[in-house]
Amino acid sequence: MGLKLFRGTHMKATDVFVHCLENEGVEYIFGIVGNEILDLANSLSHSEQIQYITVHHEQGAAFMADVYGRLSGKVGVCLATLGPGATNLLTGIASATLDHSPMVTITGQAALERQHKHSHQYLDVIQIMEPVTKWAIQVKEASAIPEIIRKAFRIAKLEKQGAVAIELPENLAIQSIPPIVLPVTPEPVTIPSYDTILAAQKIIQQSNRPFILVGNGVIRSGAADEFLTFAETLQAPVTHSFAAKGILHKEHKQNYFTFGFMEKDEVMPGLHEADLLIVIGLDHNERLPKEWNRKKTTILHIDSHPAEIDEFYPVQIELVGNLKETLACFQSFDLPSKAWVPAGNLKNRIEQAYNISWNHDSIASLPLTIENILHVIEMIADDETIVLSDVGSHKVSVARTFQPKKPNRLVISNGLAAIGISLPGAIGAKLACPNEPVICLTGDGGFLTNAAELETAKRLGLSFVIIVLNDSVLKIEEDTMRKRFGKSYGVGFHNPDFVDFANSFGIIGVRPKTLDQFAEMLINCLHSSSNITLIDVPVNN
């Protein structure tokens with residue numbers, strides 16, 4: 001398909017901008033308008049395809065776009081004005097880039113004629129955005145808008161996915177330009193050469209104890225089925241990053257669960273015993289190799305990008321290309337079986353250390369701990385339930401204990417590890433997957449960071465569950481300080497009554513006193529399809 005033209009020889013630049021966004025398949029834009037983007041907002045008001053969603057803080061808008069992007073397979077879009085509007089987006093933008101979520105952020109800017117001097121609310125936003133995006137560009141010629149938008153969405157979607165920033169100066173927004181929309185073409189698919197795959201097969205054949213490490217790239221690439229075929233043919237043990245949880249079923253015999261913890265990373269003895277590490281789709285910001293390959297074991301690197309090689313990542317062969325197609329290529333080769341079991345009954349030791357197994361016959365007698373809460377969620381949630389974990393001590397428990405039943409059903413901010421993502425993220429998740437149950441799991445500190453977005457969720461008529469783990473402290477910081485200094489400082493705070501707080505937004509608030517009450521409340525909440533429920537859980541950890 002060639003260029004698409006609309007009636008008339010010229011059109012207002014912001015109208016063309018919106019047509020280009022529609023052409024990219026944009027359904028939602030999250031943001032807060034300001035004076036410098038009022039023309040764009042007015043153009044958006046005429047769109048029958050795009051729903052603009054007003055939020056209460058630009059950080060929330062970016063988090064919504066981040067999670068929407070990673071769950072929908074589309075590009076999440078957020079919008080802000082210049083100056084403080086743009087800078088408020090930064091945390092969410094950086095989160096999307098480090099967790100490789102496809103996002104395009106649009107900001108207004110002062111007119112070009114006042115950018116050479118000190119001016120009200122003017123900052124060089126592009127220079128600020130460049131370190132936290134894949135590409136950041138200011139529109140300097142209004143007629144370039146169609147090219148810039150097409151390039152921005154393409155870059156955001158290409159591996160490794162991430163955020164792109166577009167800045168539109170207010171004087172260009174009102175210019176008349178040709179109404180051109182560029183065609184959307186598929187992203188290129190590449191695979192390694194035959195000889196490289198053959199070489200990879202050879203080093204697998206020569207190994208005795210290969211261990212597979214799998215990361216978020218496999219899920220982003222939609223390669224979970226191909227990975228499962230590869231792993232089950234090889235029969236080697238598998239460990240996964242936080243973001244790749246669910247890639248193997250909990251009961252799968254090759255599943256050695258999660259790695260990437262700062263301490264008590266129980267799979268390490270197995271990795272140290274291996275003579276080959278097959279690393280598939282693992283982003284180094286999930287965990288640096290020096291933390292899990294201290295013995296400098298040989299690496300077979302399989303990813304969409306070439307390896308970042310250092311002394312702890314000694315690559316012998318690297319297969320670079322689309323992961324779905326690359327892993328599928330192995331089905332045409334005679335991949336050997338390399339079944340082996342790490343010493344010391346390692347799998348059972350991990351299950352016990354991470355509290356993975358659970359007897360739920362008598363939950364009435366069990367305390368309201370984070371681990372027991374996670375087991376109840378796992379017991380009650382169906383295969384499609386999406387769980388979003390905020391950042392805090394409970395995130396570590398989620399990464400250790402909770403076992404989603406499918407990949408991409410657990411969202412953890414781990415690249416940037418940004419507190420406050422879960423509530424706005426739940427909004428993005430519900431819009432991306434409207435028919436799936438969504439659970440927002442957050443500490444009280446993380447919840448209060450973006451609690452105003454309760455109104456956004458209520459206004460949109462969404463339905464999901466918010467579980468607030470209430471202990472009035474930044475728990476992970478408290479524990480760390482006590483270990484280092486014997487005391488903690490600056491980590492405590494006072495909470496409102498979260499039940500009353502929820503009710504003030506027209507949202508159901510409940511507070512269980514026991515674990516079985518929590519289970520009953522969660523069942524009722526997940527069966528409700530018409531409201532948001534906040535469960536205020538006083539935790540006893």
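The values are calculated or read from the model by the stated rules, or taken from the named source; none is laboratory data. Owing to the predicted nature of the structure, the values given are computational and were not obtained by experimental measurement. Note that each Cβ is placed from the backbone with ideal geometry, even for glycine, and that neighbours are counted across all protein chains shown. All accessible areas refer to the heavy atoms of the entire protein, side chains included, with ligands and DNA or RNA removed. Shrake-Rupley method; radii C 1.70, N 1.55, O 1.52, S 1.80 Å.
Across the chain, the relative contact order, built from alpha-carbon pairs under 8 Å that are at least six residues apart, equals 13 percent. For the chain, with all protein chains present and a 1.4 Å probe, just round the carbon and sulfur fraction of the accessible area to a whole percent. With neighbouring chains kept in place, the figure for the chain is 51 percent.
From helices alone, the chain scores -10000 deg cm²/dmol at 222 nm; the rule is -39500 (n - 2.57) for each run of n ≥ 4 DSSP H residues, then divide by the residue total. Rounded to the nearest 0.05, the FRET efficiency derived from the C-beta distance between Asn503 and Ala353 at R0 = 56 Å is 0.90.
Between the alpha-carbon centers of the range 475-541 and the range 216-276, tell me the distance in whole angstrom. For the range 475-541 versus the range 216-276, the Cα centre distance is 31 Å. Of the residues Ala417, Ile302, Leu44, the one whose Cα sits farthest towards the positive end of the charge dipole of the chain is Ile302 (charges of +1 on Lys and Arg Cβ, -1 on Asp and Glu Cβ, taken about the Cα centre). Reported to the nearest whole Å, the Cα centre-to-centre distance from the range 343-385 to the range 178-194 is 45. Largest accessible area first, the listed residues Ser422, Ser221 line up as Ser221, Ser422 when surface is computed with a 1.4 Å probe on the assembled protein chains. With the dipole of the chain worked out from charges on the C-beta (+1 for Lys and Arg, -1 for Asp and Glu) around the Cα centre, which of Ala110, His272, Leu460 lies farthest toward the positive end? So the residue we want is His272.
Heavy atoms of the protein chains alone define the surface here; on that basis the range 102-150 has 48 Å² accessible area per residue at 1.4 Å probe size. The candidates Ser72, Ser241, arranged from most to least accessible area with a 1.4 Å probe in the full protein assembly, appear as Ser72, Ser241.
Quick one: putting +1 on the C-beta of Lys and Arg, -1 on the C-beta of Asp and Glu, what dipole do you get for the range 346-401 around its Cα centre, in Debye to the nearest 20? In debye, rounded to 20, the range 346-401 gives about 360.
The dipole here belongs to the range 364-520: it is taken about the Cα centre, uses +1 on the Cβ of Lys and Arg and -1 on the Cβ of Asp and Glu, and is about 420 debye. Taken per residue, the accessible surface of the range 202-257 reaches 31 Å², heavy atoms only and a 1.4 Å probe. Look at where the Cα atoms of the range 7-66 and of the range 283-326 average out, and the two centres are 39 Å apart.
Distance check, please: which entries in Lys74/Lys324; Lys245/Lys483; Lys264/Lys483 exceed 21 angstrom between their Cα atoms? From Lys74/Lys324; Lys245/Lys483; Lys264/Lys483, over 21 Å: Lys245/Lys483. Probing with 1.4 Å while keeping every protein chain in the model, the per residue accessible area of the range 297-373 equals 48 Å². For the range 249-343, averaging the sequence separation of C-alpha pairs within contact (under 8 Å, six or more residues apart) and dividing by the residue count gives a relative contact order of 21 percent.
DSSP finds beta bridges in the chain, and of those with both partners inside it, around 5 percent are antiparallel. When nucleic acids and ligands are ignored and a 1.4 Å probe is applied, Phe485 ends up with an accessible area of around 130 Å².
Normalising the average separation of contacting C-alpha pairs (under 8 angstrom, six or more residues apart) by the number of residues puts the relative contact order of the range 145-296 at 23 percent. May I ask which residue of Met129, Pro178, Ile191 lies farthest towards the positive end of the charge dipole of the range 95-198, with charges of +1 (Lys, Arg) and -1 (Asp, Glu) on Cβ and the Cα centre as origin? Working it through, the farthest residue towards the positive pole turns out to be Pro178.
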